[in-house]
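Below is one structure, written out as C-alpha cells; the observations come after it.
The values are calculated or read from the model by the stated rules, or taken from the named source; none is laboratory data. Since the structure is predicted, the reported quantities are computational estimates derived from the model, not experimental observations. Cβ coordinates were reconstructed from backbone atoms using ideal geometry, including for glycine residues, and neighbour counts include every protein chain displayed. Areas reflect the complete protein model, heavy atoms only, side chains present, ligands, DNA and RNA absent. Shrake-Rupley method; radii C 1.70, N 1.55, O 1.52, S 1.80 Å.
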Amino acid sequence: MKLYRNIIIIAIVVAVLGGAMYFVSKYLPENDNSANVTQQPAEDDMFSIYKGNSENVSKIQIKNADEEYAVSLSGETWVMNGDSTIRLKQTNVKSLLYTCTSVSVKKTVSETSEKAADFGFSAPTGYAELFFNDGTTKRITVGNKTLDGQDYYIMVSDDEKIYLKNTYGSESLIPSSQSLRDLSLISVDSSDLSTLKHVYMSKQGNTAVKLENTNIGTSENPNYQWRMLEPVFAEMNGQVFTDKIISCFEAFQAAAVVEDHPDNLSIYGLDAPYAEFSVGTADKTLNMKVGGETETYRFLMEEGYDTVYAVPKSSLTFLDVAYVDLMSNLIHVEYISNVDKVEVVSGNTKYDMEIKGEKGAEEYYINGVKIQKETFSKAYQAVIGISLDSLDLTKEPTVTPAACIKYTKKDGSTTLVEFLPVDERNYRVTVDGKGSSITNKKNFEGVLSKLEETVKGAN
C-alpha cells in the first residue's frame, strides 16, 4: 500500500550518499504520533441503528476516498490484506471493530432509499463491510458530507432508511489503513537497563560503536554494567549514555509508513544506507537501516520487514554521539560489594587488599594489617580511580607489563588490569588484555602512595 489519505506525493531532488537522486516524500502527520482509531464521542440525542456481535466478525473490508483494504483474523491476530509482515496495532483494529458493530446516528433523514443518489450513495464516500463467521455480511455506507461539513449521510444494509451521523463518527467507520499500523519499533525502560543487552551504531563518516551490557557481579548478586567493546574497550559514562542514547529508545517509533514492499530502495536511500543501528533487549533485537531524508524525517527499514518508515530526525540524534563522549574518565571500575581481594603490584612492591567475614560483619585488611572500613574504602577508591588521559588506537604493544591490579570477585572470577610502558611518562592500560587507554604514570604512583599511607596510618 503506497498511498494513504494523509500522504501526498512531492518530487524533490536530494543528494544521498554522494549522488543526486529523486525520491518520493510522503506527506506526514503534523506530530510524531500515529493516528489512533477511537470510539465515537457520545451525544445525548444519538440512537442506535445497528448492533452486531464483534466476536463473530472474521474480516472487515474498508473503502474510503483514497484506498481499499481488508483486515482479517488469522488465529488471534488481525492482519491486513492477508500480509502477516504488515504490523498492525491490534487495539486500533479492535476499536474499529467496535465502531463498525455499534453504529449510532443523530437522526433519520429519509424513511426510504428512493432518493439515495441525492445523498451520495450512487458514488459513496466509502463503506465498511463486515464478514461474519456464519457467512453473513453487513455493510455500513457513508454517503456525501452535508453542506455545513458537520455530518455525513449513512446507510446500513437491510435498512431502507437514510441517517445523519457526525463527521468524526462517520470517518471513523472508514479510516485510513495508516491509522491501523503499529508504528512503535522498540521501547526501553531507562529505569531498568538490565533488560537492554546491546547497542550498535554505524554512520557514514563516524567510527562504528558497539556497546554491551555485561554482568560484572555474580549470578546470585548480578550487577550489570555497560562497556564499550568497539572501537575501543572502555568503561562507559553512564550519564551521557542514558541522556544521549537510551533516551532515544524509551519510545522509539515511526511517524508514518511510507511504502510496503518497495520495488526501488534507492528512492529512499536505503540501497546504500546512511547509517545502521541495532538495539537488543531481552524480548527483541531491532536492526535498522537508515536512508535518505526530507527536511524533518529520515527513511528507515527494519531487518526482516519489507516496509519503509518515516522517522523524525529528532529521534535519531544518538547517531551523532561520538564514541569518546560515551567513555568514562575512569579506566576500570569494580564495585567493592562484588570483590573479595585486590592485588596491586609494581615491581617488588605489592599490596594485598582483602575483605573477610560475612556480609554485615566484614573486616578489612591491607597486607595483613586490619584497616577501618572508611579508611579502606578511601584506599579502594584510589585504586579504581585511575583516570583516562588519552587513547592509543594503534596496534597493541607487546611489552611486558610494569604493574598490574588483579581483582578477585566473590564468585571466584578475576579481572586483570595491566599497565604497559609507552614512554617515560605514560602507561597503556588493558583490562583482561583489551584496551587502548593511556594514563600518566603518576596516576598509578598515586595509588601506591595512598596504599602505603593507609598501611602506615593503621600501624
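Consider the stretch 330-379. How many of its residues are among the polar types (S, T, N, Q) and over 18 Å from Val417 (Cβ atoms)?
Number of matching residues: 6.
Does Asp134 qualify as being charged (D, E, K, R), closer than 19 Å to Val57 by Cβ and touching a residue at least 40 places away in the same chain (Cβ under 8 Å)?
For Asp134, the condition - charged (D, E, K, R), closer than 19 Å to Val57 by Cβ and touching a residue at least 40 places away in the same chain (Cβ under 8 Å) - is met.
Go through (1) closer than 20 Å to Asn338 by Cβ; (2) in contact with a Ser or Thr (Cβ under 6 Å, 6 or more places away or on another chain) and name the single condition Leu391 misses.
Here Leu391 meets the rest and fails (1).
Going through Asp411, Asp389 one at a time, which residue ends up being under 34 Å from the mean Cα position of the chain (by Cα) and either within 21 Å of Glu452 (Cα to Cα) or touching a residue at least 60 places away in the same chain (Cβ under 8 Å) (or both)?
It is Asp411.
Among the residues of the stretch 279-310, write down those that are charged (D, E, K, R), part of a strand (DSSP E or B) and farther than 14 Å from Leu185 by Cβ.
Answer for the stretch 279-310, where residues must be charged (D, E, K, R), part of a strand (DSSP E or B) and farther than 14 Å from Leu185 by Cβ: just Glu293.
So, of the residues in the stretch 294-338 that are of a type in the set (D, E, K, R) and open to solvent by less than 40 Å² (accessible area, probe 1.4 Å), which turns out to be nearest to Arg227 (Cα to Cα)?
For the stretch 294-338, the residue satisfying everything is Glu334.
Is the stretch 389-399 home to any residue that is modelled with pLDDT of 90 or more and surrounded by 14 or more Cβ atoms within 10 Å (Cβ to Cβ)?
Yes, because at least one residue in the stretch 389-399 is modelled with pLDDT of 90 or more and surrounded by 14 or more Cβ atoms within 10 Å (Cβ to Cβ).
Only residues that are out of contact with any helix residue (DSSP H, G or I) (no Cβ under 7 Å at 6 or more places or on another chain) and either part of a strand (DSSP E or B) or under 13 Å from Asn53 (Cβ atoms) (or both): list them for the stretch 135-144, please.
Answer for the stretch 135-144, where residues must be out of contact with any helix residue (DSSP H, G or I) (no Cβ under 7 Å at 6 or more places or on another chain) and either part of a strand (DSSP E or B) or under 13 Å from Asn53 (Cβ atoms) (or both): Thr136, Thr137, Lys138, Arg139, Thr141.
State all residues of the stretch 96-148 that are of a type in the set (A, V, I, L, M), within 13 Å of Leu164 (Cα to Cα) and open to solvent by 30 Å² or more (accessible area, probe 1.4 Å); if no residue qualifies, say none.
Those that are of a type in the set (A, V, I, L, M), within 13 Å of Leu164 (Cα to Cα) and open to solvent by 30 Å² or more (accessible area, probe 1.4 Å): Val109, Leu147.
Going through the stretch 240-268 one residue at a time, which ones are within 16 Å of Gly292 (Cα to Cα) and either open to solvent by less than 10 Å² (accessible area, probe 1.4 Å) or in contact with a strand residue (DSSP E or B) (Cβ under 7 Å, 6 or more places away or on another chain) (or both)?
Correct list: Ala254, Ala255, Ala256, Val257, Val258, Glu259, Pro262, Ser266, Ile267, Tyr268.
Which condition breaks for Pro222 when tested against (1) loosely packed, with under 14 Cβ neighbours inside 10 Å; (2) in contact (Cβ under 8 Å) with a residue 60 or more places away in the chain; (3) in contact with a helix residue (DSSP H, G or I) (Cβ under 8 Å, 6 or more places away or on another chain); (4) not small (Gly, Ala, Ser)?
So the condition that Pro222 fails would be (2).
Scan the stretch 339-376 for residues that are surrounded by 13 or more Cβ atoms within 10 Å (Cβ to Cβ) and of a type in the set (Gly, Ala, Ser) and jot them down.
Hit for the stretch 339-376 is Ser346, nothing else.
For residues that are assigned to a loop (DSSP other than H, G, I, E, B) and open to solvent by 50 Å² or more (accessible area, probe 1.4 Å), scanning just the stretch 188-198, find the one that is modelled with the highest pLDDT.
Here the residue is Asp189.
Within the stretch 421-430, can you find the residues that are buried (at least 20 other Cβ atoms within 10 Å of the Cβ) and either over 11 Å from Phe444 (Cβ atoms) or in contact with a His (Cβ under 8 Å, 6 or more places away or on another chain) (or both)?
The answer is Arg428, Val429, Thr430.
Considering only residues of the stretch 400-420 that are open to solvent by 20 Å² or more (accessible area, probe 1.4 Å) and of a type in the set (A, V, I, L, M, F, W, C), which is farthest from Asn215 (Cα to Cα)?
It comes out as Ala402.
Test Asp260 against the stated conditions and say whether it is within 16 Å of the chain's Cα centre (by Cα) and touching a residue at least 12 places away in the same chain (Cβ under 8 Å).
Answer is no for this residue.
Look through Ser184, Ser202, Ser172 and report the one residue that is modelled with pLDDT of 95 or more and among the hydroxyl-bearing types (Ser, Thr, Tyr).
Residue meeting the stated conditions: Ser172.
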